[in-house]
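Notes for the one structure printed next.
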Amino acid sequence: MDEDSAKAFLYQIEREDRAPLVLLSCSRNGSCLVDPGRLRSVLAGLADVVVIPAGADTYAIESQVGRKYSAFGGAVNIIFPMRQGRTDRFCETVLLRPEALEGLIEAGSSVESEVLAAITHRTNLPASWRRISLDKVGQAILQGKMAALLAQANASGDAEAISEYVELLKAADDELRGKEAELVQARADIEERDEENRDLRANIYGLKQMLGGMQPDDGDEDVLEVLGPLREKVVSAICATPSLYEVVELMAVLYPDRLVFLDTCLASAKESDRGGFRLGQKAFELLNALATGYWQALSAGKGDQQAKAAFGHNAFAANEAETLSKEGKRLRTFAYRGRDIVMEKHLKHGVKDSKAETLRIHFEWLADERKLVVGHCGKHLNF
């Protein structure tokens, strides 16, 4: 599926008589985090697998089908069939994010099994409801009661009692059949509420992500006024030895109007922490300078030559000292809102080949959004 077939894909989503759709996107290295062919064999008869090819314009796809039904950066989006709720039709989705899938792979777990579990968890129960209905259970109970009562009546030879029992049981049977329609609607309502809850959780996550992209006029100015003194207090109280991941999280909270930390940045910070990273204070110093002096200079229309003074001597580089190989360029290319950005600008500290004592922060300034997007914060990247 690409930008040219996105509308047809949306039509497929809106069908009620379809199997779940599993939408695969490519990571920045151009491949999916799960093999499409193997996944198709695992899900045969349960779901259809759709792949967004490398090079497709995911931003254009999202604009046509909506964020809920799109995927990018290696994510897997499971789109369940449309169902009718009490007031409207709804469609449940489960988004497996790239960092979660990478975590499964690192732990030696199967991504295919995770997708299969997500699908069967939501399809087995409705299927069991269809197979074991109240009507069928009621019929089995009634048959048992009728057999027992008939045997009892036959033993006593009372034909009138037999007829009376049969009429009573038929009335009970009719009542059970009427209740089943109410139960079916109640099940649909429960599923709709569950979907609404999942959407709310997804919205909360999305709002957290959007904080990184807010500009001062995107939200309530009172909030940003409160952030000013809060920033100063937290900065003054920062501990002397935070982890790199803690520093990144703190800066994301302190400067949501200026800095955007991509998932690749968070992953690289975690990797350095696992390698015994010891430069938390230096990382905080560089990122704070990036969000204050450097950001202010660029926002005022100044160039890198003037803005880099915020970092002191030799901490900033506008590009790499050596010519990048194809692999080196790939390592510095990061996906942001459906487009790839090569980030040669970086902050640096240390020269050792060590995750514990070397730090590189790769970023790019987006003048039209007045934001600094950070794609990597961790070890030195190979040329």
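Can you give the FRET efficiency to the nearest 0.05 for N314 and A54, using r as the Cβ-Cβ distance and R₀ = 41 Å?
0.65
At 0.36 nm per residue, minus the direct Cα-Cα distance, what do E99 and M82 gain on full extension? Give it in nm, one decimal, please.
Working: separation 17, 0.36 × 17 = 6.12 nm, distance 2.79 nm.
Result for the pair: 3.3 nm of gain on full extension.
If you average 1/r over every pair of different alpha-carbon atoms in segment 291-376 and take one over that average, what Kirkwood value in Å do you get?
Details: mean 1/r = 0.0718 Å⁻¹.
Over segment 291-376, the inverse of the mean reciprocal pair distance is 13.9 Å.
What value does segment 1-61 have for Rg/Rh, both radii from Cα atoms and Rh as Kirkwood defines it?
On the way: Rg = 12.2 Å, Rh = 12.4 Å.
Reported Rg/Rh (Cα atoms, Kirkwood Rh): 0.98.
What distance in nm lies between label points placed 7 Å from Cα along the C-beta direction at S31 and E3?
Computed distance between label sites S31 and E3 equals 2.7 nm.
Can you give me the relative contact order of segment 305-369 as a percent, contacts being Cα pairs under 8 Å and 6 or more apart?
Result for segment 305-369 is 27 percent.
Which value does Rg/Rh take for segment 236-353 over its C-alpha atoms, Rh per Kirkwood?
On the Cα set of segment 236-353, Rg over Rh gives 0.95.
Please report, in debye to the nearest 20, how large the charge dipole of segment 1-50 is about its Cα centre when each Lys and Arg carries +1 at its beta carbon and each Asp and Glu carries -1 there.
For segment 1-50, the charge dipole is close to 220 debye.
Computing the accessible area with a 1.4 Å probe over protein heavy atoms, can you report the carbon and sulfur percentage for segment 1-122?
Carbon and sulfur: 49 percent of the exposed surface of segment 1-122.
Go through S70, S63 and list them by solvent-accessible area, largest first, probe radius 1.4 Å.
Result, largest first: S63, S70.
On average, how much accessible surface per residue is there in segment 291-339, in Å², for a 1.4 Å probe, leaving out ligands, DNA and RNA?
59 Å²
Using the charge dipole of segment 252-298 (Lys, Arg: +1 at Cβ; Asp, Glu: -1 at Cβ; taken about the Cα centre), state which of Y255, L279, T292 has its Cα farthest towards the positive end.
It is L279, whose Cα lies furthest towards the positive end.
Of the listed pairs K308/K379; K68/K379; K68/K326; K7/K326; K68/K352; K7/K329, which have alpha-carbon separations greater than 32 Å here?
Correct reply: K68/K379; K68/K326; K7/K326; K68/K352; K7/K329.
Under a plain spin-label model, where a point goes 7 Å from the Cα along Cα-to-Cβ, how far apart in nm are K302 and L366?
Modelled inter-label distance: 2.4 nm.
Between A356 and S41, what length in nm is gained on full extension when 0.36 nm per residue of separation is reduced by their alpha carbon distance?
Going from the current span to full extension adds 109.1 nm.
List the residues of segment 55-78 whose backbone N lies under 20 Å from a point placed 7 Å from the Cα of K326 along the Cα-to-Cβ direction.
Hits in segment 55-78 for K326 at 20 Å: 55-56.
If you keep only loop residues by DSSP, which GluC sites (Glu not before Pro) in segment 300-383 have at most 11 other Cβ atoms within 10 Å of their Cβ?
E322
When the convex hull of the Cα atoms of segment 305-354 is projected onto a plane and the area is averaged over all directions, what value comes out in nm²?
In nm², the orientation-averaged hull projection of segment 305-354 is 5.0.
Taking a probe of 1.4 angstrom, what is the accessible area of T292 in Å², to the nearest 10?
40 Å²
The values are calculated or read from the model by the stated rules, or taken from the named source; none is laboratory data. Quantities reported herein were computed from a predicted structural model and do not represent experimental measurements. Cβ atoms come from the backbone with ideal geometry, glycine included; neighbour counts cover every protein chain shown. Just the protein is used for accessible areas: all its heavy atoms, side chains included, with ligands, DNA and RNA removed. Shrake-Rupley method; radii C 1.70, N 1.55, O 1.52, S 1.80 Å.
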